Amino acid sequence: MNAVGAVLTTGIYCRDDCPGRPLPANTTRYPSAAAAEAAGYRACHRCRPYRQESLPSADMPRASYGPGDGSPTASRPTAGWPSG
């Protein structure tokens with residue numbers, strides 16, 4: 001999990017690399033996006049900090065597309081479709 005900065009004057013929390021630059025005096029730190037939301041802040045619409053914590057883990061099942069190389073086009077029917 002990555003820490004986020006919350007802006008007291010706007011009620012928004014952001015990642016450190018967000019292009020928005022609030023005054024340091026108006027910010028506070030939280031250890032995670034979930035902690036900032038629990039404190040009443042909403043996620044920034046520019047940097048979307050909640051996506052940083054929701055990376056797929058190794059134990060989650062992978063999407064299956066069917067036979068072939070695993071690409072979405074591997075199981076697409078080809079008969080009767082225009083070629084180009």
Phi angles of segment 22-28, converted by Karplus (6.51 cos²θ - 1.76 cosθ + 1.60, θ = phi - 60°) into ³J(HN,Hα) in whole Hz with x for Gly and Pro, give x, 5, x, 5, 9, 10, 9
Toy charge model, Lys and Arg Cβ at +1, Asp and Glu Cβ at -1: segment 4-53 dipole around Cα centroid in debye, rounded to 20, equals 140 debye
Label model pair Arg21, Asn2: point-to-point distance (7 angstrom along the Cα→beta-carbon line) in nm is 1.9 nm
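FYI, it's all coordinate maths here, none of it is from the lab. A quick note: this is a predicted structure, and the numbers were derived from the prediction, not measured. Glycine also receives a Cβ, built like all others from the backbone with ideal geometry; neighbour counts cover every protein chain displayed.
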